[in-house]
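The values are calculated or read from the model by the stated rules, or taken from the named source; none is laboratory data. Since the model is a prediction, treat every value here as computed from it, not as a measurement. Glycine gets a Cβ as well: all are built from the backbone with ideal geometry, and neighbour counts include every protein chain shown. All accessible areas refer to the heavy atoms of the entire protein, side chains included, with ligands and DNA or RNA removed. Shrake-Rupley method; radii C 1.70, N 1.55, O 1.52, S 1.80 Å.
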Amino acid sequence: MRTDTAPKAPTICCCMIVKNEGQNLPRVLGSVKALVDRVVVVDTGSDDGSPEVARELGAEVYLHPWPQEKPFDFSAARNIAQSYAREDWILVMDGDDELEPADVGLVLRLAQRDDVDCWCFLSISTNAAGVEAGTHWLPRLYRNGKGFHYEGRVHNQLKTTSPQTCAGVRVYHYGYGLKPAEMRRKWRRSARLLARALREEPGNYFQHYNFAVVLSNLKREGAALKHLQIVIDRSAPESEVNQAILLMCLYLKAQIKRRQADRLSELKKWEKAAREYALAEAACLTALDIDNGFPDCLMLLGELINRRGNEPLAAVKVCRQYLTAVTEMRARPRPHNLIINTMNLDYAGYYQLGRAYFKSAQVRGTNGEQDGVALDFRMAADNFQRAVYKAPDNINFKQLFELYGCLAFCLMQCGSFDAGIETYRSMLRVMPRPHPEILNNMGTAYGRLNKPRQARECYRKALDIDPNYAAARHNLRETGGEIAARDSLTWTA
C-alpha cells in the first residue's frame, strides 16, 4: 500500500466485491498499490481461493457469501464493502478491472481537491479480441461519510447528493473479454437475475435495457426488442438518466434491426431486408432528435446511408457530425450515464467518411461532373489515409483489407499510381493468399506508368489465382504496349 503519504494528505481506501477473481486480483491490486492506503475486499462466496490471494496481496478480506435462498444483490455487497472504509476517500474497483498506471498521480491530485466530492473515471471495456467494446463514465472515487450508497440488485448505481465530475482517469474493464462459453454462462446468469429484478420492479427502465442487452447477446432478439420497446414507448427523456437509457435502447434496437436486415440480405430477401434497414435508420433518427451528438447512432446512421449509396452527401454530413461529437465528448466529458460504444473509433468514422466521398464520386461520374469526381476521390483518399493512420493494432483483418484496398484504389484514381501500388504491396505482404483483384489493379497502375512488363506480370499472377478473372484476361490481351484508356480499375467500397 501507499507508504509515502504526508501526514495531512487525504487517505484512500480501495473497496471491492469479488467472487472467483483469484486469477485477476494481482492485476487489479497491483494497479492501485501505489495509490491507496488500504484495500478492503468483500468476498461473496468464492471457491477459487480468492480470499487467500487477496490477503497475500495485502488486502483486508471480509466474507459475506450470498445466501443460497436469496438472489444476488450487488448493491448490498457494495454498501457492505464501503462500510469498512475509514479513510477520506473510497476508490471502487472490480476484480476484472485495471487502473491505467500513468493515471495514478492524477488520482492523488484529485483526492486533494476540496471542491469535488465524487469523481467519475472513464471505464473502457474490451471484448475477447482485445477490441474496445464500450466506454462509460462511472463514479469511481468519492468522499467517505457523505451518505453515498449503491442501489440496484444488478448493474448497481451509486446514488450521490453531490454533483459528479469527470476526470481523465482510465480504468480498463476485462469482464467482457471472457471465452465464448464463459460469456454465455455470465449472460444466462444475468438474464435470471434481471428477470427476477423486473418482476419486483416492472417499471425499472434501466433494467429493461440491461435485460435486452443480455437477451440480444443470447441471440433472443425478438424478446430483446420487446423490452426495448417498453422503454421507447413509455419512457420520457425528462432527466439525463432517463434520456441516456432511451438513447441506448434506440441504438440497440437499430443494431438488432441492422443485423436482421443483413441476414435477410444474405438470403436474398431484398424487400424484407430493406424494411429492416429502414427501421434501423428510423431508430437512429429518433435518437438523434433527442440528442444530435449521440456518437453511436451517428456512426451507425452513416454506415446505413452509405449502404444505400443514393445519398452520399447525407452520409458525409452524418460522418462529420460523428467525428465532431466524439472530439467534443473527449474534450468536455460529462457524467451522462451513457454507454458509448464508438467513443474511440475515429478510424471507423474516417473510413465511413471516405466511403461517402467514394460514392459521391461514383454518382458525379454518372452525372458527367468530372471536376467533382476528382475532388471527391481526393477527399476519399484523404479520409481513408486518416483511417489507416488511426486504425488500432488489433483491427479485424477483413476490415484492414477493405481499408487499404479503398485507399489504394482512390490514390490511383487521383493519379498517385506509385502510392497506390505501394499500398497494394503492403496488403499483399500480410495477406495469407493474394487476391486477383489487387493484382489486376496493380497491373492497370503499372500500365498507366508506362511499365507494360510489370503490368503483364501482375495480370498473369491474377490469372494464376483465378483463371476465369475476366478483367485480368482482357487487360493481359491489351498489354502489347501501353494500357488502353478503356482499361479500368475495379474496387467496391
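Just a few scattered comments:
- Against the conditions (1) within 19 Å of TYR172 (Cα to Cα); (2) modelled with pLDDT under 90, LEU25 satisfies every one except (2).
- Single residue of the range 305-328 satisfying the filter (surrounded by 19 or more Cβ atoms within 10 Å (Cβ to Cβ) and more than 17 Å from the chain's Cα centre (by Cα)) that is nearest to ALA361 (Cα to Cα): PRO312
- Top-ranked residue in the range 70-91 [being more than 21 Å from ALA197 (Cβ to Cβ) and of a type outside the set (Asp, Glu); ranked as farthest from the chain's Cα centre (by Cα)]: ARG86
- Flag for ASP382 being under 25 Å from LEU288 (Cβ atoms) and modelled with pLDDT of 90 or more: no
- Qualifying positions in the range 176-191 - touching a residue at least 12 places away in the same chain (Cβ under 8 Å) and loosely packed, with under 15 Cβ neighbours inside 10 Å: LYS179, PRO180, ARG184, ARG188
- Count of the range 340-367 residues which are without any contact (Cβ under 8 Å) to a residue 60 or more places away in the chain, of a type in the set (S, T, N, Q) and surrounded by fewer than 24 Cβ atoms within 10 Å (Cβ to Cβ): 4
- One residue stands out in the range 344-367 among those that are in contact with a helix residue (DSSP H, G or I) (Cβ under 9 Å, 6 or more places away or on another chain) and hydroxyl-bearing (Ser, Thr, Tyr): the one that is farthest from ALA325 (Cα to Cα), namely SER360.
- The combined condition, being at negative phi and out of contact with any helix residue (DSSP H, G or I) (no Cβ under 7 Å at 6 or more places or on another chain), is fulfilled by GLN370.
- Subset tally (residues that are outside any helix (DSSP H, G or I) and open to solvent by 60 Å² or more (accessible area, probe 1.4 Å)) for the range 41-59: 3
- The single condition among (1) in a helix (DSSP H, G or I); (2) modelled with pLDDT under 90; (3) within 21 Å of ARG320 (Cα to Cα); (4) open to solvent by 30 Å² or more (accessible area, probe 1.4 Å) that PRO392 does not meet is (1).
- Checking ASP289, ASP296 one by one, the residue that is of a type in the set (Asp, Glu), at pLDDT 95 or above, open to solvent by less than 20 Å² (accessible area, probe 1.4 Å) and outside any loop (DSSP other than H, G, I, E, B) is ASP296 and no other.
- If the condition is being aromatic (Phe, Trp, Tyr) and in contact (Cβ under 8 Å) with a residue 24 or more places away in the chain, then the range 247-294 contributes TYR251, TYR277, PHE294.
For (1) within 23 Å of PRO101 (Cα to Cα); (2) free of Cβ contacts under 8 Å to residues at least 60 places away in the same chain; (3) open to solvent by 50 Å² or more (accessible area, probe 1.4 Å); (4) touching a strand residue (DSSP E or B) at 6+ places or on another chain (Cβ under 7 Å), each residue gets a yes or a no:
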{"position": "ASP115", "(1), (2), (3), (4)": "no, yes, yes, no"}
{"position": "TRP137", "(1), (2), (3), (4)": "yes, no, no, yes"}
{"position": "TYR142", "(1), (2), (3), (4)": "yes, yes, no, yes"}
{"position": "ASN156", "(1), (2), (3), (4)": "no, no, no, yes"}
{"position": "CYS166", "(1), (2), (3), (4)": "yes, no, no, yes"}
{"position": "VAL169", "(1), (2), (3), (4)": "yes, no, no, yes"}
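- Scan of the range 142-157 for residues that are touching a Lys or Arg at 6+ places or on another chain (Cβ under 8 Å) and modelled with pLDDT of 90 or more, ordered by number: ASN144, PHE148, HIS149, TYR150
- Checked against (1) within 19 Å of ILE124 (Cβ to Cβ); (2) part of a helix (DSSP H, G or I), LEU301 meets all criteria but (1).
- For the range 236-256, the set of residues classified as part of a helix (DSSP H, G or I) and either of a type in the set (Ser, Thr, Tyr) or out of contact with any Ser or Thr (no Cβ under 7 Å at 6 or more places or on another chain) (or both) consists of GLU240, VAL241, GLN243, ALA244, LEU247, MET248, CYS249, TYR251, LYS253, ALA254, GLN255, listed by residue number.
- From the options ARG78, ARG27, ARG38, residue that is in contact (Cβ under 8 Å) with a residue 12 or more places away in the chain, out of contact with any Gly (no Cβ under 8 Å at 6 or more places or on another chain), surrounded by 15 or more Cβ atoms within 10 Å (Cβ to Cβ) and over 19 Å from ASN144 (Cα atoms): ARG27
- Filter pass, MET329 being within 28 Å of TRP119 (Cβ to Cβ) and in contact with a Leu (Cβ under 9 Å, 6 or more places away or on another chain): no
- Of all residues making up the range 195-213, the number that are of a type in the set (Gly, Ala, Ser) and not in a helix (DSSP H, G or I): 1
- Of the residues making up the range 223-235, not a single one is open to solvent by 50 Å² or more (accessible area, probe 1.4 Å), part of a helix (DSSP H, G or I) and in contact with a Leu (Cβ under 7 Å, 6 or more places away or on another chain).
- Complete set of residues in the range 192-208 that are more than 17 Å from LYS226 (Cα to Cα) and open to solvent by less than 40 Å² (accessible area, probe 1.4 Å): LEU193
- Qualifying residue in the range 368-379 (condition: part of a loop (DSSP other than H, G, I, E, B) and either farther than 22 Å from MET427 by Cβ or open to solvent by less than 30 Å² (accessible area, probe 1.4 Å) (or both)): yes
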